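Below is one structure; the comments refer to it alone.
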Amino acid sequence: MKHFWRLLPLSFILLLSGCGAENMSALNPQGPVAEMQFSLIALSLYIMIFVLFVVFAIYIFVLIKFRERPGDTHIPKQVHGNRTLEIVWTTIPIILLLMLAVPNVMDTFTLANTEIEQEEAEIEEENGEENGDDVPGSVSDQEAITIEVNAHQFWWEFEYKDYEFTAGQDMYIPTDTQVNIELISDDVQHSFWVPALAGKQDNVPGITNEMWLEAPEEGVYNGKCAELCGASHWLMEFKVVAVDQGTFDDWVDGMTEPPEESIEPTNEVAADGREVFEDSCISCHAVGDEGGQQGPDLTNYGERQVLAGYLDHEDEKLEAWLRDTEEYKPDNEMPSFSEDEIDDEEMDALIEYMNSLKVLEED
Ligand code: HEC
Ligand SMILES: [Cu+2]
């Protein structure tokens with residue numbers, strides 16, 4: 001263990017890379033909100049490093065220069081106060097704190113104001129014809145959309161306010177568009193966190209918290225609950241799926257009016273599956289505008305990135321989940337289904353039906 005200390009930098013790197021999983025790192029910011037927050041982190045880090053070096057340099061200099069030397073019994077000159085020094089060491093911290101405070105306060109207001117980008121977009125639109133097209137990377141010219149995020153033990157519900165429908169687990173958003181987010185909870189406190197897109201904000205029962213984010217590029221951004229909310233808190237994951245505007249419009253159409261096949265399947269096996277679904281599942285899960293809201297909306301289940309937030313989206317996993325939900329998410333609100341309730345044949349039909357639940361055309 002003599003060289004144990006050598007492991008320290010290594011463990012630090014491992015720690016950082018653990019947080020740096022693809023598309024799930026605040027250190028790899030995407031979009032205006034995350035970039036703004038990252039630059040604040042960077043600014044305070046640089047200031048702290050500067051202070052650290054200056055203080056340690058003075059410290060080491062003083063240690064060496066004024067150390068006790070053998071045979072030196074002379075007592076140094078005794079001083080009381082030094083106006084110049086005191087002014088210097090009061091002014092420098094004030095300047096440093098101002099350098100921290102001004103951008104922090106300004107960005108805090110920008111981030112709290114969900115109208116800001118919208119207003120700028122409108123102004124841009126008004127001036128659009130006169131000064132030509134907008135600057136790339138500047139505020140978007142699309143209208144903002146609003147999503148109400150209702151966090152549940154242990155899943156996510158996304159209500160698209162402008163379109164009046166609900167989606168579960170996967171939050172689709174159009175790229176380069178401001179997405180205003182209203183955070184609520186009906187049970188306990190949760191926290192909505194998509195590290196690559198924006199800092200976290202709490203979902204608090206009885207309060208609506210607001211934030212906004214914007215994704216510059218198409219892709220899947222991982223999100224997670226960041227507030228201990230129960231036994232399966234650590235499995236309470238979701239995805240933000242950023243797609244181009246055209247795909248998003250198609251998705252919205254599909255979610256508001258799912259394909260006929262999802263409601264009355266022509267495929268015989270899927271039709272049997274739909275029956276099982278109507279018997280056992282529809283009271284909690286909606287497909288289209290039919291069904292309960294006690295569990296995630298399943299209108300686009302076939303296109304889910306993962307199952308129940310974190311399981312691989314495979315038939316075996318779905319069956320295992322339905323047979324024993326407790327095994328995969330302790331304390332979750334969904335019942336398990338034994339073979340007495342749903343036999344193997346019905347199970348296969350149900351899975352076939354579930355996989356057919358898609359709203360986007362396959363290419
Ligand atoms: C009492 C209400 C209830 C019933 C009945 C119910 N579920 Fe669920 N279901 C839930 C809840 C709540 C969750 C969220 C669990 C979690 O992740 O914490 C869920 C999650 C799921 C998921 C994962 C969703 C996703 O987006 O990945 C699937 C799939 C699912 N249920 C399918 C079914 C099927 C199929 C049936 C019928 C055999 C069924 N459920 C019956 C409440 C219910
Ligand atoms: Cu939670």
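Observations
- Rounded FRET efficiency, nearest 0.05, which uses the C-beta distance separating ILE207 from LYS161 and R0 of 25 Å: 0.90
- Across the range 290-298, computed HN-Hα scalar couplings (Karplus, 6.51 cos²θ - 1.76 cosθ + 1.60, θ = phi - 60°) run 9, x, x, 10, 7, x, x, 4, 10 Hz from first to last residue, x flagging Gly and Pro.
- Working from label points 7 Å from Cα in the Cα-to-Cβ sense, the ALA112 to ILE58 distance is 3.4 nm.
- Pairwise centroid distance, computed over Cα atoms, of the range 80-111 with the range 156-194, Å: 39 Å
- Prolate/oblate/rounded call for the range 265-363, Cα gyration tensor, a/c under 1.5 rounded: rounded
- Packing order of peptides 186-193, 332-339, 219-226, highest average first: 219-226, 186-193, 332-339 (average count of other Cβ atoms within 10 Å over each peptide's residues).
- Counted by Cβ distance under 9 Å from GLN169, the other residues give a net charge of -2, where Lys and Arg count +1 and Asp and Glu count -1.
- Computed over the chain, relative contact order equals 15 percent, with contacts defined as Cα pairs under 8 Å that lie 6+ residues apart.
- Of all the options PHE66, PHE165, PHE238, the one that moves most in a Gaussian network model of the chain with Cα springs shorter than 10 angstrom is PHE66.
- Rounded to the nearest 20 debye, the dipole size of the range 260-355 about its Cα centre is 560 debye, using +1 on the Cβ of Lys and Arg and -1 on the Cβ of Asp and Glu.
- Calculated over the chain: convex hull of Cα atoms, volume per residue (Å³): 224 Å³
- Top positive-direction residue, dipole computed over the chain with Cβ charges, set MET211, VAL54, HIS233: VAL54
- Placing +1 on each Lys and Arg Cβ and -1 on each Asp and Glu Cβ, with no other charges, gives the chain a dipole about its Cα centre of roughly 5400 debye.
- Solvent-accessible area per residue, Å², over the range 212-275 with all protein chains present [probe radius 1.4 Å]: 45 Å²
- Estimated FRET transfer efficiency when R0 is 51 angstrom, pair ASP343-TRP234 (beta carbons, to 0.05): 0.95
- Modelled label reach - ASP250, point 7 Å along Cα→Cβ, the range 152-181 residues with backbone N closer than 15 Å: 173-175
- Taking every full run of DSSP H in the chain, the ones that stretch at least 20 Å from end to end by Cα along their long axis and average -1.0 or higher on the Kyte-Doolittle scale are 31-65, 83-112.
The values are calculated or read from the model by the stated rules, or taken from the named source; none is laboratory data. Because the structure is predicted, anything quoted here is derived from the model rather than measured. All Cβ positions, glycine included, derive from the backbone under ideal geometry; neighbour counts span all protein chains shown. Surface accessibility is based on the protein's heavy atoms, side chains included, excluding ligands, DNA and RNA. Shrake-Rupley method; radii C 1.70, N 1.55, O 1.52, S 1.80 Å.
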